[in-house]
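Working notes, structure below.
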Amino acid sequence: MLVKTVNLWENTPGAYEKAPTLDIFIPEKKTSDIAVVVLPGGAYRQHAVHEGKGYAEFLNENGITAFVLTYRVNPHYFPLPLLDARRAIRYVRHYSEEFGIDKNKVYIMGSSAGGHLAALTSTYHKTIDFEGVDEIDKEDYRPNGQILCYPVISLRDEQFAHRYSGEMLLGERREELGDALSPNLIADETAPRAFIWHTFDDNGVNSINSLEYAKRLRQVGVNAEVHIYPHGRHGLGLAKDTPYVHTWTQHLLDWLALE
């Protein structure tokens, strides 16, 4: 259940209309020392509640502690969303004893554009502006695993990229920076293991995004579990009312248990 909402910084660095926050969901019966930082989708323009609170409540029901990040979106541009995601991982690790979780079992989970941000947090290693401000920033920002639900991966490839997410994240810099921020092009052997699911005929974000990312992970030797379901609209979330696709949640729990 939702315990409290915290600001990631005492004094948020960079531009913002509303400070980024972290909603902390602690299960009534905690059966796992895993933590999952959840990044809702919304094309870097908004946040989809069912891909945030909805996932957190599902994780809580299964004894897992969850944290839902309200990261900065357009009109704020890269690197601010990535700064927020990195800070969320660091925050959870810094206070891991208080939350009763293992700081070496911190996963990141994202849907659609949130999936892009989760994958980017897992693969982009360059220093960005406003890092290193306090003790929390001394923690590692890299998650121990990545959970990607129908993710945007490419920002620029004209055949399958999600152009709108790229424009919302980068503005006029999409052509300049799109490839450098596409996880299917930058992932290396240091990326954490991945759980990925998509529907083949998704007409919002092409499923080739997930396939190309899985291909890259295989090439660099990173383990991944990938589920491509034949039918289903974009943005299904838990997909409770969607036959067959809803099985992804049990597969995720089984995958987490492999830790």
(request) About the Cα centre of the stretch 17-144, how large is the charge dipole given +1 on each Lys and Arg Cβ and -1 on each Asp and Glu Cβ? Please answer in debye to the nearest 20. (result) 320 debye
(message) Set the bar at 23 Å for Cα to Cα. Now go through LYS53/LYS126; LYS53/LYS138; LYS18/LYS103; LYS4/LYS29; LYS105/LYS240 and name every pair that lies beyond it.
(response) LYS53/LYS126; LYS53/LYS138; LYS18/LYS103; LYS105/LYS240
(request) Of the listed values (1) 54; (2) 45; (3) 49, grab the one calculated as percent of Cα pairs over 23 Å apart from the structure here. (result) (2)
(request) Indicate, rounded to the nearest 5 percent, the antiparallel portion of the DSSP beta bridges found entirely in the chain. (result) 30 percent
(message) Once you place label points 7 Å from the Cα toward the Cβ at VAL3 and ILE228, how far apart are they in nm?
(response) 4.0 nm
(request) Compare the Cα positions of THR5, HIS198, ALA19 along the charge dipole of the chain (+1 at Cβ of Lys, Arg; -1 at Cβ of Asp, Glu; about the Cα centre) and return the one farthest towards the positive end. (result) HIS198
(message) Charges at C-beta only: +1 for Lys and Arg, -1 for Asp and Glu. How large is the resulting dipole of the chain about its Cα centre, in Debye rounded to 20?
(response) 180 debye
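The numbers here are math on the coordinates, done by the rules we state, and not lab data. Values in this document were obtained by computation on a predicted structure and should not be read as measured data. Cβ coordinates were reconstructed from backbone atoms using ideal geometry, including for glycine residues, and neighbour counts include every protein chain displayed.
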